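The values are calculated or read from the model by the stated rules, or taken from the named source; none is laboratory data. Values in this document were obtained by computation on a predicted structure and should not be read as measured data. Every residue, glycine as well, gets a Cβ built from its backbone with ideal geometry; the counts of neighbours run over all protein chains shown.
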Amino acid sequence: MSVITIQQKGKTKLVQTTCPYCGVGCQLYLKVRNDRIVGVLPVTDAVNEGKLCIKGWTCHEFVHHPDRLTTPLKREDDGTFTPISWDEAYDIIIKKFMEYKEKYGPDSIAFFGSSKCTNEENYLLQKYARVVIGTNNIDNCARLCHAPTVTGLVYAFGSGAMTNSIAEVENADVIFVIGSNPTHQHPLYARRIIKAVLEKGAKLIVADPRAIDLAEFATIYLPHNPGSDIALVNGMMKVILDNNLEDREFIENFTENFEEFKESLNKYTLDYVSKITGVDAALIKEAALLFGKAESAAIVYAMGITQHIVGVSNVLSLANLAMLTGNIGKESTGVNPLRGHNNVQGACDVGALPDVLPGYQKYTDEKTVKFFEEKWKCTLPTKAGLTVTEIINQAGEQIKALYIMGENPMVSEPNLNKTEKKLKELDFLVVQDIFLTETAQIADIVLPGSSFAEKEGTFTNTERRVQLVRRAVPLPGKAKEDWIIIKELFERSGYKTSYRHIGDVLDEMAEVMPIYRGITYERVKKGEYIQWPCPNPTHPGTKFLHANGKFSRGKGRFSINHHLEPAERPNRKYPLVLTTGRILFEFHTRSLTKRSPTLQAHAPEPFVEINPDDAFRFHIKDGQKIKVESTRGEITIKAIVTDKIKPGIVFIPWHYAEAAANLLTIDALDPQAKIPEYKVCAVKITPL
Ligand code: SF4
């Protein structure tokens, strides 16, 4: 094991590792004394420059929590759990899997990879699904956040990842943040944006239905309606064209489909766009001119763009804007999707997706399939697998058994009443996790896995940087490293493996994934943090993609995207739009952050933000408990009356199981990326 250990006074050592929360991937030291983590220190690194946000500073607090799972559990008929041995757990799982495979075929079994687990663990799980079970039914929670990014950016550019690096945003002339709240979700990236504005004179455009913290630093703030992103961006592009601010040379040399795209913008006049977005036409024009005149302009977005039934078209619109102005393939520009989880980028890279093999290689390409079949000594499945959302819809029907590694769909899925009903229709559910999450509570078998501090492996951050996670403390009780659990599943299913160490898995990934080819265990262990694509062991990695107009797919492709109304609009009975998001002190489904005393001391209870006009209209006072209802469910929650949100819209952070916003959200999907429309549904509010 490679550990950077610095002896301090007494017996404290510092172990360098990667933050387990957001996709920024800050480097930090865990302070370890007597096999306990007693604190955290930031590392001075290219990503975080010796700083951490409050989640990073407190990321050790859940590790030694008494709620940790320490032994495999089996659910009895009365719903209680009995501790069982690993032997018994493996025997039950494999017996069930083989039974279903035999009786209903391999596609009756499905797997969720984990964007919290390492690349190696996700690589092994997708390999187990494909090689041992014979199904492509493997997906991860990118489906619920950035699936449209992968689909959209592959279509436009040929690669579905963030095009530029975190540090580059600091030197952009103009930064356009749309559908992202980085001071809460990616604080160390937000710091770079604020630094660019305050210290380097960058101009900031913020488009968001809520006056998020960054709006205070913005030259122009565009409070557009949820679900109106395409109209806004199309309107801005029409202004850019009308004022001859497009980059003609770039368009002619490096792109295709421009004329058709240009024609498609004709109807997006400022008046038309202003009506759809609810934003003053003059402000839209001002933002467009600012963006169009910039020497270097960076586009930054997150789930405000992707979590719509038009998620892919939203992403494509932003790709159009970057190509139109030549802001791609250059330093401090680009299309920059901020990934939510520590390793959601990596989980996708290594193939925990139902329609691509590791490294985004096509499962339909004959040469690729032959290569993998020879390497893995198997026959690969020929049919695309189901996505997370489709697997849940098919639970109890096509899907009989589900294996979930480190995900918590009982809080994260939309329309939770339906999700719960579907998950309970499964014949067999296995959950591998570190706590008895809401999902683990309904599992048949629960396997105790490892936290980030108890294992080795790699995470890939939002800027494609592969970083080492190092073991700092021993595992609790009989818990196991997650990669060991999957390796043992392989072996007990009759498949011999030769993995002695996590490095063997990383080296196999490098062999089979051209984008990771030069990212060997030896290099990573030495402390090299390499950004893919890295085609060979001497390549330094790639700071920004598509340099000099050389798009991964050849030419950049303009696309035609038209405004489409959200799946559910407010109506007489449900007159308000609900939009959801995240807050600084919580993470995802709270399985980790609710066990951090420091974060909970700061974290507010669940709340709904309401504009003063709506509060007056519905007789609601600040701080009052209210009922929020949609056609799918209802919750009781505290009202916060604030003019930070537009009239007609309410906002709820979705982390809290006790007032789960996802009981209300709609499960309408983007037809291509199959992401749910978390950002818009119709609700009513009633004072209690
Ligand atoms: Fe961790 Fe993200 Fe905060 Fe950095 S910005 S410390 S990666 S949560």
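Specify the residue that is farthest from the ligand (Cβ to nearest atom); the eligible residues are those in the range 29-80 that are under 16 Å from Ser451 (Cβ atoms) and among the aliphatic types (A, V, I, L, M). Filtering first and then ranking leaves Leu69. Pick out the one residue from Ala319, Ala297, Ala302 that is within 16 Å of the ligand (Cβ to nearest atom), within 27 Å of Tyr189 (Cβ to Cβ) and not assigned by TED's automatic domain parsing to the domain that holds Asn136. One residue alone meets the criteria, Ala302.
This table checks each residue for (1) in contact with a Phe, Trp or Tyr (Cβ under 9 Å, 6 or more places away or on another chain); (2) assigned by TED's automatic domain parsing to the domain that holds Gly581; (3) at pLDDT below 95; (4) not charged (D, E, K, R).
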| site | (1), (2), (3), (4) |
| --- | --- |
| Gly326 | yes, no, no, yes |
| Lys330 | yes, no, no, no |
| Val350 | yes, no, no, yes |
| Leu357 | yes, no, no, yes |
| Lys362 | no, no, yes, no |
| Thr368 | no, no, no, yes |
| Phe371 | no, no, no, yes |
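Determine whether the range 604-619 contains at least one residue that is assigned to a loop (DSSP other than H, G, I, E, B), at pLDDT below 95, touching an Asp or Glu at 6+ places or on another chain (Cβ under 9 Å) and within 16 Å of the ligand (Cβ to nearest atom). No, the range 604-619 has no match at all. Listed by first and then second residue, the pairs with beta-carbon distance under 6 Å, at least 6 apart or on different chains, first residue in the range 38-60 and touching a residue at least 60 places away in the same chain (Cβ under 8 Å) and closer than 18 Å to Val473 by Cβ, second assigned to a loop (DSSP other than H, G, I, E, B) and more than 11 Å from the ligand (Cβ to nearest atom), are Thr58/Ser596. Contact map, the range 272-296: residues that are closer than 30 Å to Glu331 by Cα and modelled with pLDDT of 95 or more paired with residues that are outside any helix (DSSP H, G or I) and charged (D, E, K, R), Cβ distance under 6 Å, separation 6+ or inter-chain. Pairs shown: Leu290/Lys203; Ala294/Asp173; Glu295/Asp173; Ser296/Asp173.
Does Val300 satisfy the condition of being touching a residue at least 40 places away in the same chain (Cβ under 8 Å) and not in a strand (DSSP E or B)? Step through it out loud before you land on a result.
Numbers: touching a residue at least 40 places away in the same chain (Cβ under 8 Å): yes; not in a strand (DSSP E or B): no.
Here the answer is no, as Val300 does not meet what is asked.
Only a single item in (1) part of a helix (DSSP H, G or I); (2) surrounded by fewer than 19 Cβ atoms within 10 Å (Cβ to Cβ); (3) charged (D, E, K, R) is not met by Arg192, and it is number (2). Tallying residues that are touching a residue at least 12 places away in the same chain (Cβ under 8 Å), in a loop (DSSP other than H, G, I, E, B) and either in contact with a His (Cβ under 6 Å, 6 or more places away or on another chain) or surrounded by fewer than 23 Cβ atoms within 10 Å (Cβ to Cβ) (or both) within the range 570-603 yields 12. Answer yes or no as to whether Arg582 is modelled with pLDDT under 95, out of contact with any Cys (no Cβ under 8 Å at 6 or more places or on another chain) and closer than 30 Å to Met237 by Cβ. For Arg582, the condition - modelled with pLDDT under 95, out of contact with any Cys (no Cβ under 8 Å at 6 or more places or on another chain) and closer than 30 Å to Met237 by Cβ - is met. Look at (1) under 15 Å from the mean Cα position of the chain (by Cα); (2) modelled with pLDDT under 95; (3) not charged (D, E, K, R) and you find that Asn336 fails only one, number (2).
When restricted to residues that are in a loop (DSSP other than H, G, I, E, B) and within 20 Å of Val312 (Cβ to Cβ), the range 334-351 contains 4.
Got at least one residue in the range 633-652 being assigned to a helix (DSSP H, G or I) and under 24 Å from the mean Cα position of the chain (by Cα)? No; the residues of the range 633-652 include none that is assigned to a helix (DSSP H, G or I) and under 24 Å from the mean Cα position of the chain (by Cα).
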